[in-house]
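> Sharing a structure, written as structure tokens. Questions coming.
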Amino acid sequence: MSPLAAPSELDQLLAQIRACRLCEASLPLEPKPVLRASATATLLVVGQAPGTLVHGSGIPWNDASGMRLRDWLRIDRDSFYDESRVAIVPMGFAKSEAVRDVANALYAELGAAGIDVFLDDRDERPGSLLADNELIGTPHRVVIGDRGLKEGVVEYQGRRDAEAAKLAVADVAATLIAKLKG
């Protein structure tokens, strides 16, 4: 794939993305690709389907995950939303509703307890997700999958643990809060 030669090519691509309706049948809200880009941007941030806050505002990464991302990138809000410097292109994804529900509930509960949480909701293969989290040194990892949810469990592994432990879905938040806050 060759780089975009002119802003008009980028403008056409952005129009195509904004008009996309491929995943319409599997989304709870109407498709509304939320993106910002410029041919001069030197950083591309690719996300997933936006939550209702971003969907409603039309501003990408305009939520708690966006604040964490900007902190991680060490970039202020004005620079982040300067289309000439940063491009943000969220993509729709189809995941298990059960996995998404448990992940979002756990994310909210741990966040409310004051625990810094990273929800890796990229549409990647499990091996890639696990490898990337290992590379960035995630200190505590919870793996939520359909197979485990059928048994009512998730997998938890601390950075220094030799292997993952199964935790009951109903107990995982309290267990992690006690472990991390205790």
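> When you scan the stretch 50-67, do you find a residue that is in contact with a Ser or Thr (Cβ under 7 Å, 6 or more places away or on another chain), outside any helix (DSSP H, G or I) and not charged (D, E, K, R), even just one? Write out each step before concluding.
Keep residues of the stretch 50-67 that are in contact with a Ser or Thr (Cβ under 7 Å, 6 or more places away or on another chain), which gives none.
Scanning the stretch 50-67, I find no residue that is in contact with a Ser or Thr (Cβ under 7 Å, 6 or more places away or on another chain), outside any helix (DSSP H, G or I) and not charged (D, E, K, R), so the answer is no.
> Let me ask something else about it. Kindly check whether there is at least one residue in the stretch 53-76 that is loosely packed, with under 15 Cβ neighbours inside 10 Å, at pLDDT below 80 and closer than 21 Å to Gln16 by Cβ.
Step one: list which residues in the stretch 53-76 are loosely packed, with under 15 Cβ neighbours inside 10 Å, which gives 53, 56-58, 67, 71-74, 76.
If we keep only those that are at pLDDT below 80 as well, we get 53, 56-58.
From the residues that got through so far, the ones that are closer than 21 Å to Gln16 by Cβ too are 58.
Checking the stretch 53-76: at least one residue is loosely packed, with under 15 Cβ neighbours inside 10 Å, at pLDDT below 80 and closer than 21 Å to Gln16 by Cβ.
> In the stretch 7-32, which residue that is out of contact with any Gly (no Cβ under 8 Å at 6 or more places or on another chain) and hydrophobic (A, V, I, L, M, F, W, C) is nearest to Val54 (Cα to Cα)?
Leu29
> What is the number of the single condition among (1) under 30 Å from Ala98 (Cβ atoms); (2) under 19 Å from the mean Cα position of the chain (by Cα) that Asp71 does not meet?
All conditions are met except number (1).
> Given the criterion within 17 Å of Arg100 (Cα to Cα) and surrounded by fewer than 16 Cβ atoms within 10 Å (Cβ to Cβ), identify the matching residue among Ala178, Ala168. Working first, answer last.
Details: Ala178 fails: within 17 Å of Arg100 (Cα to Cα).
Answer to the selection: Ala168.
> If a residue has to be closer than 28 Å to Glu97 by Cα and not in a loop (DSSP other than H, G, I, E, B) to count, how many in the stretch 15-43 make the cut? Let's see the steps before the verdict.
First, pick out the residues of the stretch 15-43 that are closer than 28 Å to Glu97 by Cα: 16-36.
Subset that is not in a loop (DSSP other than H, G, I, E, B): 16-19, 24-26, 36.
Counting residues in the stretch 15-43 that are closer than 28 Å to Glu97 by Cα and not in a loop (DSSP other than H, G, I, E, B) gives 8.
> Evaluate the following for Ala162: is it loosely packed, with under 12 Cβ neighbours inside 10 Å and within 14 Å of Asp101 (Cα to Cα)?
Here the answer is no, as Ala162 does not meet what is asked.
> Hey, another quick one. Restricting to the stretch 144-159, count the residues that are closer than 14 Å to Ala98 by Cβ and either in contact with a Pro (Cβ under 6 Å, 6 or more places away or on another chain) or surrounded by 14 or more Cβ atoms within 10 Å (Cβ to Cβ) (or both). Break it down stepwise before answering.
So in the stretch 144-159, the residues closer than 14 Å to Ala98 by Cβ come out as 144-154.
Now drop any that are not either in contact with a Pro (Cβ under 6 Å, 6 or more places away or on another chain) or surrounded by 14 or more Cβ atoms within 10 Å (Cβ to Cβ) (or both), which leaves 144-145, 148-149, 153-154.
Here the count works out to 6.
> Hey, Asp132 hits all of (1) over 27 Å from Leu22 (Cα atoms); (2) acidic (Asp, Glu); (3) modelled with pLDDT of 80 or more but one; which does it fall short on?
Exception for Asp132: condition (3).
The values are calculated or read from the model by the stated rules, or taken from the named source; none is laboratory data. All figures in this text were calculated on a predicted structure; none of them were measured in a lab. When we count neighbours, we look across all protein chains shown, and the Cβ atoms used for this are built from the backbone with ideal geometry, even at glycine.
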